Amino acid sequence: MGVEKGAQSARSRALAVLRIRGRALAVALLPAAVAVVLLVGGATGHAVGGGWDTARWVMTIVAVVVLLAAAAVGAVIVRARPATTPTVEVSERSAPDLYRLVRDLADRLEVPVPSAIALTPDCDSWLEDRTHPASSIPGAAPRRRRTAEAPVLVIGSPFLWWMRVAELRAVLAPVVAGTGPSAHPDIAAARRFVRGLDAAVAVAAAPDQGVLRRLPLRFVGWVSKLLLRSCRVHAAEMERGVATAASERAQTVDYGLRIVAQEQVGLAYAGWDRLLTRVALPAWRMGRWPSRLDAGVVSALTELSRRDRLAEGFASRLGERPACDLLEEPGTVDEAASLLAARLFHGGPAEPGPDWSPVDWAQYPEEVVDRKWRADAARLHRVLDTMAARRSTAPTLTRVMDHLATSNPTPEGNQSSAAETLAAAIGAEVAREESAAPAPAPLGLGDADGDPWGPLPLFPLQAPRTGRDLLADHVTAMVCCAAVDTAGAVPGLDWLDGPALLIDGERRTDLGSHVLSLVEDGDAAPLRSWLATVGVRPEKTVRLV
């Protein structure tokens, strides 16, 4: 499907959506039209007497009710603000080179220039229309070839740090090309109609509605859902046609480089996911947020390139100009994107505070890894104290191993209720601590009457951990504390795996299996042998927070 064919398909589907809007308006006006005919007939003496008078009154009342209902639905659709993606706005003053790159792309593709540029803490890029009457684009000023209808270009922030300038240009070409079909009045009108309906559904579904508003809003929601179902297929095909036309138009711009750049997109996604789940999440859970996540993804992907033979050669790209050079102050932008990532993926507060402070990568091992280990170890011993397990005993690793090793295994070889009780108690303690934490502030986005984004986090990274997983984590933390205090080990950071135990400068990756033997089977022998090899003294008291 070529450019013209794709654009034609999008326009025809947009007209289909607008026809549905026209039919809905016609249905709302039909009773009024009938009432007018009856009133005119009565005034001219052609429809009088008998049942005509009754019909006139009934249709007039029905027309008024329907018009009022239609006006209410229309008012909610117009007033409701469609949900917009949480982003970090980038002004042209803070990124003139980036704006120049996008403007040059638009000129070469012969399409309108995006009205603004924003960053999202994710590995994706798209155009987002924010021209609904109830929304505005802060800081967007009219510029050459820009119109009020032009969408905002949203770019994944990891791309700017990992990709080179030429690669970013190649990846953005088909995205920017989408401003061409978006400028067509029929497509723009159809999109506004669909977004308005979607926002109206969100308003109607908002919780804590008053009694006087609940029933009318239910009716508005029902009508909006009915219209959305009617135009869903046409809207989807319209967007598919827009994407096809944009992709075909961008074929002439950096096509060969785009194939290579798409490999970097997949690699960036893999490194970003590992960085968030293995590195950022432990810090977020402690009330600390890494302030340079985008810079961290470069280190993570460089490490991945070193380990994975499939990624060989990718690190050689690092000598080329990174796309983050297109920003005037990349550190400031990275910090804003990192805070937004913490809010979206974890639900942290909107602003730094005493219990929600940034942490640099150089401070991560001491401020996050060591504190996390000691906090988990302290929680483990508090739970043991509540279980009356040698309450007066000092917090030593021996105490933990003896408690788990004295449990009798089940016939299947699994740990019996000593370990199960301890795991359940730790899980309950963690749940209490999490429930006692203050709720995060809303993002302040969405419709005018509520926040359709719902409770934070919007995109949780991991499912809730089981009690057995928590127990293994806490025992591992206790072992690491003992290694640091008695064997000269130090906490470290692995860019792909997160917190790491370093002994003699080398990361030890063989601890997990020995801990699982103790937790799952009650067998302390493998762990004791590992401790003796490393030089850890389990009988020594460890320092807790």
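The values are calculated or read from the model by the stated rules, or taken from the named source; none is laboratory data. In this text the structure is predicted, and so the values were computed from the model without any measurement. Cβ placement follows ideal geometry from the backbone for every residue including glycine, while neighbour counts extend to all protein chains displayed. Please note that ligands, DNA and RNA were not included when accessible areas were found on the heavy atoms of the full protein model with its side chains. Shrake-Rupley method; radii C 1.70, N 1.55, O 1.52, S 1.80 Å.
Under 18 Å Cα-Cα from K5, which aspartates and glutamates qualify once same-chain neighbours fewer than 8 residues away are excluded? Filter leaves E110, D186, E237, E239, E248. Overall, the accessible surface of the stretch 50-118 at a probe of 1.4 angstrom is composed of carbon and sulfur to the extent of 65 percent.
Annotation: per residue accessible area for the chain equals 47 Å², rounded to a whole number [probe 1.4 Å, protein chains only]. Counted as membrane-span-like here are DSSP H helices of the chain whose alpha-carbon atoms extend 18 Å or more along the helix's own axis and whose Kyte-Doolittle mean is 0.0 or above; these are 3-43, 52-79, 185-205, 211-249, 293-307, 330-345, 417-436, 467-486.
Remark: accessible surface ordering of T509, T393, T541 (largest first) is T509, T541, T393, probe radius 1.4 Å. Report note on the peptides 331-337, 348-354, 225-231: ranked by the mean count of other C-beta atoms within 10 Å, highest first, their order is 331-337, 225-231, 348-354.
Can you give the local net charge around S94? Use residues other than it whose beta-carbon is closer than 10 angstrom to its beta-carbon, Lys and Arg +1, Asp and Glu -1. Before the final figure, lay out each step's value.
Values: positive: R93; negative: E89, E92, E328, E329.
In short, -3.
Put simply, when 249-261, 476-488 are sorted by average Cβ atoms within 10 angstrom per residue, most first, you get 476-488, 249-261. Accessible surface of L502 in the full protein assembly, 1.4 angstrom probe, to the nearest 10 Å²? Answer for L502: close to 50 Å² accessible.
Cross-link reach is defined here as a Cα-Cα straight distance under 19 Å, omitting same-chain residues fewer than 8 places apart; for K540 the aspartates and glutamates meeting it are D370, D376, D385, D402, D485. Of the peptides 371-377, 40-46, 6-12, the ranking by mean beta-carbon count within 10 Å, highest at the top, reads 371-377, 6-12, 40-46. The listed residues E239, E263, once ranked by accessible area (1.4 Å probe) with the largest placed first, stand as E263, E239.
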